[in-house]
1. Got at least one residue in segment 178-187 being over 17 Å from Ser257 (Cα atoms) and surrounded by fewer than 19 Cβ atoms within 10 Å (Cβ to Cβ)?
2. Looking only at segment 46-67, decide whether some residue is in a strand (DSSP E or B), free of Cβ contacts under 8 Å to residues at least 40 places away in the same chain and closer than 22 Å to Gly174 by Cβ.
3. Is it the case that segment 173-195 has a residue that's over 30 Å from His244 (Cα atoms) and free of Cβ contacts under 8 Å to residues at least 60 places away in the same chain?
4. Listed residues Glu46, Glu51, Glu19, Glu87; which is at pLDDT below 95 and over 26 Å from Leu179 (Cβ atoms)?
5. Collect the residues in segment 26-48 that are surrounded by fewer than 14 Cβ atoms within 10 Å (Cβ to Cβ) and basic (Lys, Arg), keeping them in residue-number order.
6. Considering only residues that are touching a strand residue (DSSP E or B) at 6+ places or on another chain (Cβ under 7 Å) and in a loop (DSSP other than H, G, I, E, B), which ones fall in segment 141-157?
7. Residues of segment 192-208 being under 19 Å from Asn175 (Cα atoms) and surrounded by fewer than 18 Cβ atoms within 10 Å (Cβ to Cβ), which ones?
8. Picking from Leu90, Leu72, which residue would you name as being part of a strand (DSSP E or B), among the aliphatic types (A, V, I, L, M) and buried (at least 16 other Cβ atoms within 10 Å of the Cβ)?
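The values are calculated or read from the model by the stated rules, or taken from the named source; none is laboratory data. These figures come from a predicted structure and were not determined experimentally. Cβ sites come from the backbone with ideal geometry, for glycine too, and all protein chains shown count toward neighbours.
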Amino acid sequence: MPELPEVETVMRGLQPHMEGMRLTRVEQRRENLRFPFPPQFQARLEGRLIERMQRRAKYILITLDSGEVLVLHLGMSGRFTVNAGSEAVLNPKHDHVVFHLSNHDVVSYNDPRRFGFMDLIERGGVAQHKYFSEMGPEPLGNEFDEVMLATKARARKTPLKSFLLDQKVVAGLGNIYVLEALYDAGLHPTLPAAVLASKTGRPTKAASRLVVAVRDVLNRAIEAGGSTLKDYAKADGSLGYFQHSFRVYGREGEACSRPGCSGMIERIVQAGRSSFFCPKCQK
């Protein structure tokens, strides 16, 4: 599933073509994706001006002049393709939604596995909506800091990896970037989350290192256009390349890249998902 850097990259790729434009025509080519489309989906979109585009966790939010927000989720295999100033060459089998814009660009949504979805919600109710109401802060925002982490982690026995994957703790982090950040911070993924807080609840040095590592990994991944492992591609069709910078993910049996460390990357399974780490420098 695309994680925060991939969704951010897609959103940034769509913005120059969609933000400030009007939806002149919308093609809805099937009744549902992961869920049914909202009632009168096409009619509620056609003719609407796109005022703003932003990302929240792994969602893209498109604010319309109608007072509604179009919520987009890529699921496992969803991708958007921009055909700038030209007629789109569409895939009749998997291009499920096609947006025609007032600048004559065409944006198509392709999703072979149909785990993505689209919804329309009232602008004023976004924060309270079921998608977002219990969601934690953005890891690149000001609310994400060592104090917040320590407050949520105090006395918790939950493994660090599971703790960071909990969207109620922090929004948008997925398996790849949690493991990369834990490596950079020198923290083992099975450590209890409580290592981030002292007995009095103050943030530890581990919490401070982790905040820096999460921000750094995400920023480097966004700069690289995300990671392409299977289906993910940017809006212009090109692939991300952060996968070439992985320090632990998918590197089982390889030497640790940390200077001075003689460890070898190992793999374990936590809650049904692979975890990669260096047993020597992640304690």
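1. No, because not a single residue in segment 178-187 is over 17 Å from Ser257 (Cα atoms) and surrounded by fewer than 19 Cβ atoms within 10 Å (Cβ to Cβ).
2. Looking for residues that are in a strand (DSSP E or B), free of Cβ contacts under 8 Å to residues at least 40 places away in the same chain and closer than 22 Å to Gly174 by Cβ, one finds none in segment 46-67, hence no.
3. Scanning segment 173-195 turns up at least one residue that is over 30 Å from His244 (Cα atoms) and free of Cβ contacts under 8 Å to residues at least 60 places away in the same chain.
4. Result of the check over Glu46, Glu51, Glu19, Glu87: Glu87.
5. If the condition is that a residue be surrounded by fewer than 14 Cβ atoms within 10 Å (Cβ to Cβ) and basic (Lys, Arg), then Arg30 is the only one that fits.
6. Answer for segment 141-157, where residues must be touching a strand residue (DSSP E or B) at 6+ places or on another chain (Cβ under 7 Å) and in a loop (DSSP other than H, G, I, E, B): Arg154, Arg156, Lys157.
7. Answer for segment 192-208, where residues must be under 19 Å from Asn175 (Cα atoms) and surrounded by fewer than 18 Cβ atoms within 10 Å (Cβ to Cβ): just Pro192.
8. Step by step, each of Leu90, Leu72 is checked, and only Leu72 is part of a strand (DSSP E or B), among the aliphatic types (A, V, I, L, M) and buried (at least 16 other Cβ atoms within 10 Å of the Cβ).
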